[in-house]
Amino acid sequence: MSQDHFQEDQETDQYTKQVIENGLSRRSFLSRAAGGAAAAGLFGLSSLPVAAAGTSEPKGLDFAKSSDGGATLSFLPKPKPIRDREIAETLTFDVVVVGAGASGVPAALSAAENGAKVAVIQKAPFALSQGNTGSGVDLATSEKAGIEALVARLIADSNHRCNPKLIRQWAYNSGEAVRWVIDRARQGGSPVVDQGSPVQRAILKVNGYSMGYVTSFFGPKPYTTGDGMRHLAKTAEKAGVRFFYRMPAVQLVQNKAGEVLGVIAKGPNGKFTKFLAKKGVILATGDYQNNKAMSDYFVPDVKHLERKQLDKTGDGFAMAYWAGGVFEPIGHTKMLHDFDAGPASMCDMPFLAVDRKGRRFVNETVEMSLLNNYLRDAENAGHYSQIFDSNYMTQAAAWPGKLVPPEGLKNYMPDDPSPKKGVFESQVNTHVADTIEELAVKIEADPATLAATVRRYNEVVASGKDSDFGKPADRLIPVVKAPFYGIHRRVRVSAICSGMLVNENHQALNADGKPIKGLFLIGNLGGGFYGGVDYPLTVFGLSLGRCYTFGYLTGRHVAKL
Amino acid sequence: MKRSIVPKPATALLALLLVTLSGSGLAAAGKAAKGARTSKHAGQGITCAQCHGKSAKKDVVPMQQCLSCHGDTKDLAVRTAKVKPTNPHENRHFGTEADCNRCHHEHATSENLCLPCHQRFGFKVP
Ligand SMILES: Cc1cc2nc3c(=O)[nH]c(=O)nc-3n(C[C@H](O)[C@H](O)[C@H](O)COP(=O)(O)OP(=O)(O)OC[C@H]3O[C@@H](n4cnc5c(N)ncnc54)[C@H](O)[C@@H]3O)c2cc1C
């Protein structure tokens, strides 16, 4: 299937213009301050000396500046150049991938399969990622109009603020890429399966057009994509990729013209190794959720919300920034979920929901993935509970979602001695009690508050109209018959999905919209794929599917340079 | 400050002294004194230099320094294999290679890195 009618003209597209104008880069504030074109001329285009010494900023500047030049950004300290005499060893490859996660491992293998000599340098002691589901479009079973309708849906999901070219690139290449990941991970011993279209129930038709999907499932828990990428790494090793673990990348190597020549990493012994990359460095270091100052700046909404990941300190962001890259403007897209406390299939069912104290706070038809917006304060910090009584199997039977019977709920109950299956035992948080007050204690809410809330809710239900929050009448069921159930969910930051400006080759662009030679950004570090307030759940597994796809494409592209 | 080797009133006096005298040489000496006071190893006849080296610039101590006395983390993981509800020294995030200092602090109160996410992993961290 071709996308020829979208062959881009040479002019800079709207999305890129917007990011260059409002995003954060080393030179954005300077060129703005000095007046557009004149400043661009002043600092030159391709010959800009953006090497670590950084002559484009005023002397003595130790930190980045906000895009209007007004604020000093402490989370982007100017790196002190590591000198050659501090380097213990220098190794040369064609392609160096930084970060062995959902985008990095596929990129490395893809590059190796296309003939490149590849190194992966990884911060953790092994490949590390998270999640289970990663998706792509099956071109063979999808109508072209359906693919375009899905693309339009995804653009709308991102409040029309993404780069449409990247969405289309995912749509037309993801089926092939996800299938490839499944095949290669299996070769490494992974039990991964293709769940195909059935799991994408809600989007089998888009605007009336038929669609088919490839849905990789690395699971069930506790097996995840982390294990999956470790299996994929085995295949990559067999293909000749060399992995360097416990080796966080700390600095890019650039020449005077700003071309990226390699990257310096720090080993567990404290010694530096320089990895030279003849064709390019692919940064795949994930998001920056564990860098508090960086998150507070770009996504202040999640200031009080807990994190699901560890050590994602935005290292790749800082490196790409100092190499001349551009951050997407403030207001980054966030992903906050809790699929673990109770059954995932019940997380969007509109049972009575109460905040951490026990107060009703929302029309419960709002999806779990958006509830973080109501629970952003320090007190709630993402905590809420779904409350229902023992009639739920019959009274909620017609609701969308899938009910798990009482026997099955025990799998999610930390207080129930039954052995757990297919869940993270330390994350389950479903409770049952004979009275509302007892239930309140178990879900850590205030008993009197919860009792009052339930009383009021039952009045609303009895009246047949939700005069408090306007929930549809067929979503109102009373909480009267013991035992009572509570699923204490805690939405935490799964990922931050905004990144830095790239073109369709996933090559970083600088503040003039020019590609930075030798530098590629994939995974959540790559920008342009989202743009809404929250990550959309339209395509289940879009995030991982996009990571695999852009890893696959970028590895191949860089290998062929 | 839990296992300070200096009795409390003396600590206060020392702090007061350090605030009053503020030469740069004294500041360094003060830092060293503070380090000794807060060190959990100090009472066991272990000197600052054994971890920090002799240079005046006191860099972060690499984990290898811990291992040179305490032994390999893989052996440690074997010793704590039966800890409930899970072995803190062998986990999904770091395998057996978690940096000791993420939980066990030398000059500050130790912390349980698991706890924020895994709320029932209530380990006591020495
Ligand atoms: C609990 C959970 C469940 C999720 N479930 C799903 C799901 O089912 N479907 C879905 O689509 N998405 C899911 N997501 C989101 C998805 O996991 C991420 O969006 C995706 O993993 C991002 O891929 P990435 O390649 O950008 O980063 P990661 O996969 O996080 O990989 C980044 C890698 O870079 C390494 N690294 C970091 N800094 C450095 C450095 N300086 N030097 C060297 N290496 C470095 C890290 O150790 C890591 O291995 C989930 C997220 C979480 C937290």
### Query
What figure in square angstrom, to the nearest 10, would you give for the accessible area of B:C51 with a 1.4 Å probe?
50
### Query
Roughly speaking, what is the centre-to-centre gap between the range B:35-64 and the range A:242-316 when only Cα atoms are used, to the nearest Å?
29
### Query
So for the range A:171-255, what are the equivalent ellipsoid semi-axes in whole Å, largest first, each being the square root of 5 times an eigenvalue of the Cα gyration tensor?
31, 18, 12
### Task
Would you check the accessible area of A:E86, probe 1.4 Å, heavy atoms only, in square angstrom rounded to 10?
70
### Task
Evaluate the Kirkwood expression for the hydrodynamic radius of the range A:317-409, namely the inverse of the mean inverse distance over all pairs of different C-alpha atoms, and round to one decimal in Å.
15.6
## Note on the structure
Partner shielding of A:323-331, taken as the mean number of other chain Cβ atoms within 10 Å, equals 0
### Task
For the range A:241-341, with all protein chains present and a 1.4 Å probe, just round the carbon and sulfur fraction of the accessible area to a whole percent.
55
## Note on the structure
Taking chain A and counting helices only, DSSP H stretches of n ≥ 4 at -39,500 (n - 2.57) each over all residues, the nearest-500 ellipticity at 222 nm comes to -8000 deg cm²/dmol
#### Entry: Acute angle (nearest 10 degrees) that the helix A:447-463 long axis makes with the longest principal axis of chain A, alpha-carbon atoms
70
### Query
Using the Cα atoms as the points, what is the convex hull volume per residue of the range A:339-490 in Å³?
101
### Contact order normalised by residue count of chain A, Cα under 8 Å, 6+ apart, percent
22
### Among beta bridges that DSSP assigns inside chain A, antiparallel share in %, nearest 5
70
### By accessible area with a 1.4 Å probe, ligands and nucleic acids excluded, highest first: order of B:C48, B:C103
B:C48, B:C103
### Task
Mind scanning A:K308/A:K517; A:K274/B:K57; A:K312/B:K82; A:K238/A:K560; A:K266/A:K312; A:K221/A:K303 and naming the pairs with a C-alpha gap bigger than 23 Å?
A:K308/A:K517; A:K274/B:K57; A:K312/B:K82; A:K221/A:K303
### Query
Which percent of Cα-Cα pairs in the range B:71-126 sits in each 10 Å bin, short to long?
23, 60, 17
### Query
To the nearest 10 square angstrom, what accessible area does A:T554 show with a 1.4 Å probe?
0
### Message
Interface size between chain A and chain B, please: total buried accessible area, 1.4 Å probe, rounded to the nearest 100 Å².
### Response
1500
#### Entry: Rounded tilt (10° steps) of A:542-559 against the dominant C-alpha axis of chain A
20
### Query
Using the alpha-carbon centroid of each, what span in Å lies between the range A:179-217 and the range A:458-528?
22
### Task
In nm, give the distance between the simple-model label positions of A:E86 and A:D62, each being 7 Å from the Cα along the Cα-to-Cβ direction.
1.6
## Note on the structure
Pseudo-spin-label distance A:K421 to B:K34, built 7 Å along Cα→Cβ, given in nm, is 5.7
### Query
Once the range A:404-561 is represented by equal point scatterers at the alpha-carbon sites, with solvent omitted, what log10 I(q)/I(0) does the Debye formula produce at q = 0.10 Å⁻¹?
-0.65
### Message
Translational diffusion coefficient of the protein assembly as shown at 10 °C, 1.306 mPa s, Stokes-Einstein with Kirkwood Rh over Cα pairs, in µm²/s as a whole number.
### Response
58
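The values are calculated or read from the model by the stated rules, or taken from the named source; none is laboratory data. Every value quoted in this text rests on a predicted model; they were computed, and no experiment measured them. Glycine gets a Cβ as well: all are built from the backbone with ideal geometry, and neighbour counts include every protein chain shown. We work out accessible area using only protein heavy atoms, side chains counted, and drop any ligands, DNA or RNA first. Shrake-Rupley method; radii C 1.70, N 1.55, O 1.52, S 1.80 Å.
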